[in-house]
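Q: Next up is a structure, given as structure tokens.
Bear in mind that the values in this text are calculations on the coordinates, not laboratory data. Predicted model only: the values in this text are computed from it and were never measured. Please note: Cβ atoms are built from the backbone with ideal geometry, for glycine as well, and neighbour counts cover all protein chains shown.
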Amino acid sequence: MPYNTLLVAVDLGTTSPEVLAKAHQLANASAARLHVMHAVEPLSITYGGDIPMDFSSIQDEIYQQATEQLNHFCAAHNIPDEQRHLVIGRPESEIPAKAAELNADVIVIGSHARFGLAVLLGSTTDGVVHSAPCDVLAVKVARPS
């Protein structure tokens, strides 16, 4: 069964080009439309409300920087503007939600070996696999250094 729509979730880190390259291979083999997304986790979730401070200006700055990084990354890989998606929220829930919105056939996401507490606490990839409305391709990538 060929795929029609692929959603590639990237963290905009050093392994993102590797994940996108694998997605391009899959998209080319299926003549599928490729979308790229990045999720910015809200600071209120990251810090759990432990710090009594208004993070809105910092969150806005993070969002602007992520927008620039995503646009630069996508432009370098010939991804059209309308196929770039930046959202705020927990990646493990936002990625499946975007896949459902796009009616994606497959989500492509990077995965690396987990050690220590990460094995117990889970990962974004695990969360996506368990809640995705479609197939998920976890691309094994090197651990970021």
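Q: Can you put Asp81, Asp11, Asp105 in order of Cβ neighbours within 10 angstrom, beginning with the fewest?
A: Asp81, Asp11, Asp105
Q: Arranged by the count of other C-beta atoms within 10 angstrom, fewest first, what order do Cys134, Cys74 take?
A: Cys134, Cys74
Q: Search the structure for amide H atoms under 5 Å from the amide H of Ile88, placed 1.01 Å from N in the peptide plane, and list their residues when 5 or more places away or on another chain.
A: Val40
Q: State the Cα centre-to-centre distance between segment 55-72 and segment 1-28 in whole Å.
A: 22 Å
Q: Okay, moving on. Counting other beta carbons within 10 Å of each residue's own, what order do Phe73, Phe55 fall into, fewest first?
A: In increasing order of surrounding Cβ atoms, one gets Phe55, Phe73.
Q: For the ranges 18-28, 94-104, what's the packing order if you count other beta-carbon atoms within 10 Å of each residue, average per peptide, and put the highest first?
A: Going by the mean number of other Cβ atoms within 10 Å, highest first, we get 94-104, 18-28.
Q: May I ask you to order 30-41, 58-69 by the average number of other C-beta atoms within 10 Å around their residues, highest value first?
A: My ranking of the peptides, most packed first, is 30-41, 58-69.
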